[in-house]
Structures are given as C-alpha cells and as structure tokens.
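Below is one structure, written out as structure tokens; comments come after it.
The values are calculated or read from the model by the stated rules, or taken from the named source; none is laboratory data. Predicted model, so just to flag it, every value in this text is computed and none were measured. FYI the Cβ positions are ideal-geometry reconstructions off the backbone, even for glycines, and counts take in every protein chain you see.
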C-alpha cells in the first residue's frame, strides 16, 4: 500500500473491510468498528493509546465489551501495518480483567423492580424485550417488523453469522401490539445507546442499590435470560440455540446455575 502520513480511523476501517469479508465474524467486527468510530471520533491510528481511550470512553462498559473494542482497534492497526502503511505502531492493550466463567445475572424480581422505576416507557419496554429474548442489544436494534412472524423473531444479524429464531413470550407480544408503528425497525424510536445506558444505570441503582455498570450493564439481561432458562431445567443445547452461541462451551457457563435443581431431582428420586 505504501501509505505515508497521518492515517485516521475512518479510512483504516474502510481499508480493513475487505479483510473482514473473509471472516465468519466479519460483519460483527465491521458493526463494532463503526460503533467505536462514533464513540471515540476519527482519531489518528499512527500512535493510538488504547489505555487512554479505554479510560476516557469505555469505563462504564462491561469488561468483556471494553476488551472486545480494544481488540478490534488493535486488529485494525495490525491490518494497516500488514498492508504496508508507514508510521503506524501497534498499540498496547489495556489491562482488562474479564471473568466470563461466572456471568452476572439478575432475578426476575430484580428485572421487574428495575423496569418499575424506569421513567421512560420505551426503555421500560426495551428492558422487557431484552430479558425475554436474550438478544444482544445490537441485534435488537437491527430487528425489523417483518422479522416478527407467528410469535417469533428472526435474528438476522447474529454474531455467529447464522440467523436464528426466538419464540416471543406473551408479555412481549402484548407489548409489541401496543408499540406497532410505521417505522421499518422495531426499536427505531429507541434513544441513543448512551442515553439508554444512562437510564438503565440510574434505574439499577434506584431499584437494587447496585451500580449499573460493568457486570450489571444492559448486557446482563442476556445473561439473565440464559440463567433463567437453565434454572428452569431447559436443555443446554436449546439454550445454546436461543443464545446463538457458535460454541456450546460458551453456554455451559450457565450450567452450574442448575446445580441445586439437579440435587433436588436426585433427592426426590432416591
């Protein structure tokens, strides 16, 4: 390529897209990189300080989310270096402790308490949707009304690259009937990601006394969905399919939550 000068993030993303097109997770990387661009601006990648970016822009996000953003920025820079861009240096990854082995989750009572104190009706509806579908927030924002049919929603923008179908609870179906609109997307009128996060954090603190950040970010509703299914005895393969996990190892993190139920089953039989 031989590019010399101050390369900006927006241009680097555009140049990296052909590389991502060959990857199964390419669309997810592209979507996340565009989200990062909105969050940190069209910064120079020549001497990018990921640690400073993490402290300034992502301190309120879950550790896994922060780590993913940092890794994607690093991947963008590495791609530019491999393509021969001059003057670009590999950034140092920030130290982020991610504990994926023990995902945090909320009980149904806690989720209802959070919804009850939320002062924005559409955010209240979105919390219900997130808890009853287990979708990633980015997947939810991409759902169109024509993706919903016969009491199910088709997730077309799954991280694994494969579409999946999720049955909708009666509570969600009732909520959607009330929210029917002429918008193409179901959540087109949802406030910005930053505004939703701010309202969620405030509601979590008010309802539970806990900080609505890090492991209790909005993403915790996805973990809570899986946890509830497992605790009610749903087969782990079914939970995997509903969550859209490419590897069942990701799903088995929730298996231990059913330990007490399994003990009760053994006790009742023997």
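Assessment of the range 70-90 against the conditions (part of a strand (DSSP E or B), surrounded by 12 or more Cβ atoms within 10 Å (Cβ to Cβ), more than 24 Å from the chain's Cα centre (by Cα) and not assigned by TED's automatic domain parsing to the domain that holds residue 222) yields no matching residue. Look at (1) touching a helix residue (DSSP H, G or I) at 6+ places or on another chain (Cβ under 7 Å); (2) at pLDDT 90 or above; (3) assigned to a loop (DSSP other than H, G, I, E, B) and you find that residue 125 fails only one, number (3). State whether one or more residues within the range 48-59 are surrounded by fewer than 16 Cβ atoms within 10 Å (Cβ to Cβ) and in contact with a helix residue (DSSP H, G or I) (Cβ under 6 Å, 6 or more places away or on another chain). Among the residues of the range 48-59, at least one is surrounded by fewer than 16 Cβ atoms within 10 Å (Cβ to Cβ) and in contact with a helix residue (DSSP H, G or I) (Cβ under 6 Å, 6 or more places away or on another chain), which makes the answer yes. Exactly one residue among 111, 196, 172, 204 is part of a helix (DSSP H, G or I) and under 16 Å from the mean Cα position of the chain (by Cα), and that residue is 196. Of the residues screened, residue 32 is not one that is part of a helix (DSSP H, G or I), out of contact with any helix residue (DSSP H, G or I) (no Cβ under 9 Å at 6 or more places or on another chain) and closer than 23 Å to residue 194 by Cβ.
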